[in-house]
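A.B. asks: There's a structure below that I have some questions on.
The values are calculated or read from the model by the stated rules, or taken from the named source; none is laboratory data. Computed from a predicted model, the values in this text were never measured in an experiment. Here Cβ is always computed from backbone atoms with ideal geometry, including for glycine, and neighbour counts include all displayed protein chains. Ligands, DNA and RNA are excluded from the accessible area calculation, which covers all protein heavy atoms including side chains. Shrake-Rupley method; radii C 1.70, N 1.55, O 1.52, S 1.80 Å.
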Amino acid sequence: MKLNALIITLLFSSLTVQSQCLDGEIEVFVNVFTDNWGYETYWQLANQGEACEDTPLYEAGNILEVSCFGPSDGMPATGGNGYANNEVFIEGPFCLVEGQEYDIIFVDDYGDGGLIFEVIQEGVITSYLLGTGEGNTFTFTAGDLTPAFIFGDRPCESFSLEIDGASVVIENAEATASPGEISPPDGFCGAYGQWCDGNGPSNTMWVTFVPETDGAFEVSSCNELNDFDTAIAVYQVEDCSDFSTYTLLSSNDDAYIGCSEGSSGYASTCYVSCLNPGETYYIQLDGWAGTVGTSEITVSTYIGEPEVGSYLTDVQCANIKGDTGSGIVPQINGLGINYSVVWDGPNDFTSEERTLENVPAGNYTCVISNECGYIFTETFTLESPEVIVPNFTGELTSCEELEDGIILTNISGGAEPYDVVWSGPESFQSFEPNLENIGVGTYFLEIEDDNGCDYQFQYTISAGNSLEFSLGANPTLCLDEAIEFIAPLGFFLYEWQDGSENSTYVFSAEDSGVGVFPIILTILDDVGCTHTDVVNVTVENCLGIYDYTSEDFGLYPNPSRGMVNFLQTESSLLQGRILVFDSNGKEVYNANAELANAIDLSFLSQGVYSVMIKTKEGTFKNTLVISK
């Protein structure tokens, strides 16, 4: 236990520290345990019934910033005054009048508690007091030497037993945990050197034993009278009152291979070896998660050679680096955990940790040895699940507007069973692997397997086409022509651009006149999909075309190298628009005539071209040959 110096105020000379109290007085010490915020606390020793602001017999803690007023002064305490954090302070000795009552008045500035008090009279802990956030007034009687704890509740006042001798039967219902009391790390239930998760010290009892040899020993609560879920640990100890001097030699929470017949309640067994003959070793016993009951403890000589086993946890998630969830915990019956280990594994892996965590799959070989000459070589294999792979089978929707798409999902790999969540367009969500009657869009699948591994995938449903049809190419008609458009036959509903609903539509150029006219057909098919096609009908005044002789509309020179002159008898020809087309029908020149008698076509390549002049009287054509 660490002793810390503290500036204190002694208000009565009769309480001056002295080696021996007067007759009728009791020597009293107060052990004070602080938490992470020792500077937020204050306490005083006073005659019973006196208010805090009255003159105390003794005061300590943050006298400057907390004192009796605590948070009521509106000024929070800061560091630098009062007690240090996470320390133990021994206050006293105080010589108090035997039979008189005294108060310990505790004040907390922040309101979260923070001090624990042990009142020790004549070497006996008579009070164990927990300060709370609201503050407390604790009363004790000087000279009342009734112990605050049952025997065995503190390491320095523990039961003792002999190896291979009689057992010790203890009950922990009224036991407590000491301030700052240690316990083995959380880990696997059943593993040596660990306790089950959530099993911090709560109702601990202590037993000691002294070995006469350096052999191996079994420490166990797997006995007939044990009736609750126990956890045990064995320590080598330098100072029983200082937990910082405790070294864990072995522990167990639930026997590795189970208890033999006659025991009950998840009792525990562990092993220690290579001990120092004549040294006192400490056994800590507790109930898992605060359970209480009766336990029977024995220490016996282990006979036989150590046996090597392990707790293996395979890789939980494939293709995950770092937190793989895997682990190897060597389990050696007949040996404590005070041994060294050297590991070799895949990809030049090495380690000297006693246990391995979050390592990849593969073979791991360890060499285990201790100071007593035990050497073991053992190989352990960690497996990895296959990568989760969803095989999708999808069916397109019949068309953009229908929701009749399908996604069928066959999942392999990982650890079954699987939990699936689909999400998609317009807040779509499903917890089934197979989707039916879904619309166009991208759907996202999250799969979580039985190991808690998450994987994300996606699948896109596109629109199909339940009907393919065409009204044909864009036609050109003369004013005296007509054309009939025929829709595909079936159990369909038709609608043309003019609202008619027949399966055929007749377009008359004579009725429409010259121009370009869109013909639109919309079909509603038998599955509920709509389909549309459009053609553009061009109507020309074909009746206005004159057949001129060369002197009426001539081109010269013809063939030409590019510069072309016009010969015409009608002046109106050169008031229209000149268009030139190549042999493929592609327009290569388009300009107003503007009474010009010549055009420059030298940019054209060699070939045969059609020259057209459009006027209000009609369309006039001639053929031109370009030669280079």
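A.B. asks: What spacing in nm lies between the two simple spin-label points modelled at Thr365 and Glu403, each 7 Å away from Cα in the Cβ direction?
C.D. replies: The modelled label-to-label distance comes out at 6.2 nm.
A.B. asks: For Cys478 paired with Gln497, estimate the spin-label separation in nm (one decimal), with each label point 7 Å from Cα along the Cα-to-Cβ line.
C.D. replies: Between Cys478 and Gln497, the simple spin-label model gives 2.3 nm.
A.B. asks: Sequence-distant or interchain residues sharing an amide H contact under 5 Å with Thr126, placed H: which?
C.D. replies: When sequence neighbours closer than 5 places are left aside, the close amide H contacts are Val119, Ile120, Gln121, Ala148.
A.B. asks: What's the ranking of 361-373, 108-120 by average number of surrounding C-beta atoms within 10 Å, highest first? Write down the numbers at each step before the final one.
C.D. replies: Values: 361-373: 15.3, 108-120: 20.7.
Ranked by mean Cβ neighbours within 10 Å, highest first: 108-120, 361-373.
A.B. asks: For the chain, what does the accessible surface come to per residue with a 1.4 Å probe? Please give it in Å². Don't jump to the answer; show the numbers that get you there.
C.D. replies: Working: 31320 Å² over 628 residues.
Ligands and nucleic acids excluded, the result is 50 Å² per residue.
A.B. asks: Divide by every residue of the chain the summed helix terms, -39500 (n - 2.57) for each DSSP H run of at least 4, and state the resulting mean residue ellipticity at 222 nm, rounded to the nearest 500 deg cm²/dmol. List each step's numbers first, then the result.
C.D. replies: On the way: 1 runs with 4 residues, N = 628.
Using -39500 (n - 2.57) per qualifying helix, the result is 0 deg cm²/dmol.
A.B. asks: Does segment 42-114 classify as rounded, prolate or oblate by the C-alpha gyration tensor (a ≥ b ≥ c root eigenvalues; a/c under 1.5 gives rounded; else a/b over b/c gives prolate, otherwise oblate)? Show your work: numbers first, answer last.
C.D. replies: On the way: a/c = 2.46, a/b = 1.51, b/c = 1.63.
Oblate is the answer for segment 42-114, as a/c is 1.5 or above yet b/c matches or exceeds a/b.
A.B. asks: Taking 0.36 nm per residue of sequence separation and subtracting the Cα-Cα distance, how much length would be gained by fully extending the chain between Phe69 and Cys372, in nm to one decimal? Spell out each step's value before the answer.
C.D. replies: Numbers: separation 303, 0.36 × 303 = 109.08 nm, distance 6.07 nm.
Extending this stretch completely gives an extra 103.0 nm.
A.B. asks: Same structure again: Through the Karplus equation 6.51 cos²θ - 1.76 cosθ + 1.60, θ set to phi - 60°, convert the phi angles of segment 225-230 into ³J(HN,Hα) values in whole Hz; use x for Gly and Pro.
C.D. replies: With the stated coefficients, segment 225-230 comes to 8, 6, 10, 8, 6, 9 Hz.
A.B. asks: Which residues does the label zone of Asn451 cover in segment 412-426, counting backbone N under 12 Å from a point 7 Å along Cα→Cβ?
C.D. replies: Answer for segment 412-426: 413-416.
A.B. asks: Could you look at the chain and say what percent of its accessible area is carbon and sulfur, using a 1.4 Å probe and all protein chains? Walk me through the numbers on the way to the answer.
C.D. replies: Values: 15040 of 31320 Å².
Roughly 48 percent, rounded to a whole number.
A.B. asks: Another question about this same structure. Which of rounded, prolate or oblate describes segment 196-299 when judged by the alpha-carbon gyration tensor and an a/c cut-off of 1.5? Don't skip to the answer; put the middle values down first.
C.D. replies: Details: a/c = 2.05, a/b = 1.34, b/c = 1.53.
Cα axes put segment 196-299 in the oblate bin.
A.B. asks: Tabulate in residue order the Karplus-calculated ³J(HN,Hα) for segment 378-389, using 6.51 cos²θ - 1.76 cosθ + 1.60 with θ = phi - 60°, rounded to whole Hz; enter x for Gly and Pro.
C.D. replies: For segment 378-389, the Karplus-derived couplings read 9, 10, 10, 10, 9, 9, 10, x, 5, 5, 5, 10 Hz, x marking Gly and Pro.
A.B. asks: Output wanted: per-residue J couplings in Hz (rounded whole) for segment 245-253, from phi through Karplus 6.51 cos²θ - 1.76 cosθ + 1.60, θ = phi - 60°, x for Gly and Pro.
C.D. replies: 9, 8, 10, 6, 9, 5, 6, 6, 10
A.B. asks: Show Lys614, Lys321 ordered by accessible area, largest first, where the area counts protein heavy atoms only and the probe is 1.4 Å. Working shown, then result.
C.D. replies: Numbers: Lys614 85, Lys321 195 Å².
Per-residue accessible area, sorted high to low, gives Lys321, Lys614.
A.B. asks: Given a 1.4 Å probe and the protein chains all in place, what does the accessible area of Thr350 round to, in Å² to the nearest 10?
C.D. replies: Accessible area of Thr350: about 100 Å².
A.B. asks: Using a Förster distance of 56 Å, how high is the FRET efficiency between Thr55 and Thr245, based on the Cβ-Cβ distance and rounded to 0.05? Before the final figure, lay out each step's value.
C.D. replies: Details: r = 40 Å, r/R0 = 0.72.
Efficiency computed from Cβ-Cβ geometry: 0.90.
A.B. asks: Once R0 is set to 56 Å, what does the formula 1/(1 + (r/R0)^6) return for the Cβ-Cβ distance between Asp323 and Thr139, expressed as a FRET efficiency to the nearest 0.05?
C.D. replies: 0.60
A.B. asks: For segment 420-517, run through the GluC sites (Glu not before Pro) and keep only the ones in DSSP coil with at most 11 other Cβ atoms within 10 Å of their Cβ.
C.D. replies: Glu468, Glu501
A.B. asks: Please give the FRET efficiency for Ala173 paired with Val342, using the beta carbon to beta carbon distance and R0 = 45 Å, rounded to the nearest 0.05. Write down the numbers at each step before the final one.
C.D. replies: Working: r = 45 Å, r/R0 = 1.00.
That pair, Ala173 with Val342, gives E of 0.50.
A.B. asks: Still on this structure, please answer the following. If you stretched the chain out fully between Asn434 and Val625, how much longer would it get, using 0.36 nm times the residue separation minus the C-alpha to C-alpha distance? Please list the in-between numbers first.
C.D. replies: On the way: separation 191, 0.36 × 191 = 68.76 nm, distance 6.85 nm.
Taking Asn434 through Val625 to full extension adds about 61.9 nm, to one decimal.
A.B. asks: To continue, here is another question. For Cα pairs less than 8 Å apart in space and 6+ apart in sequence, what is the mean separation divided by the residue count of the chain, i.e. the relative contact order in percent?
C.D. replies: Reported relative contact order: 7 percent.
A.B. asks: Going by average Cβ density within 10 Å per residue, which order do the peptides 382-392, 128-138 take, highest to lowest? Numbers along the way, then the final one.
C.D. replies: On the way: 382-392: 15.1, 128-138: 16.7.
With the highest mean Cβ count within 10 Å placed first, the list reads 128-138, 382-392.
A.B. asks: Taking only C-alpha pairs under 8 Å that are 6+ residues apart, what is the relative contact order of segment 446-522 in percent? Could the numbers behind the result be given before it?
C.D. replies: Working: 68 pairs, mean separation 19.6, N = 77.
It comes to 26 percent, rounded to a whole number.
A.B. asks: A further question follows. Residues of segment 117-149 with the amide nitrogen closer than 19 Å to a label point 7 Å from the Cα of Tyr110, along Cα-to-Cβ, please.
C.D. replies: From segment 117-149, the list is 117, 130-136.
A.B. asks: Next question. Could I have the simple spin-label model distance between Ile150 and Thr538, label points 7 Å from Cα toward Cβ, reported in nm to one decimal?
C.D. replies: Spacing of the two 7 Å Cα→Cβ label points: 10.7 nm.
A.B. asks: Please state the shape class of the chain: rounded when a/c is under 1.5, otherwise prolate if a/b exceeds b/c and oblate if not, all from the C-alpha gyration tensor.
C.D. replies: Details: a/c = 4.03, a/b = 2.81, b/c = 1.43.
It is prolate, given that a/c is not under 1.5 and a/b is the larger ratio.
A.B. asks: So between Asp314 and Ser470, what do we pick up on full extension, going 0.36 nm a residue minus the alpha carbon distance?
C.D. replies: On the way: separation 156, 0.36 × 156 = 56.16 nm, distance 6.19 nm.
The span from Asp314 to Ser470 would gain 50.0 nm if fully extended.
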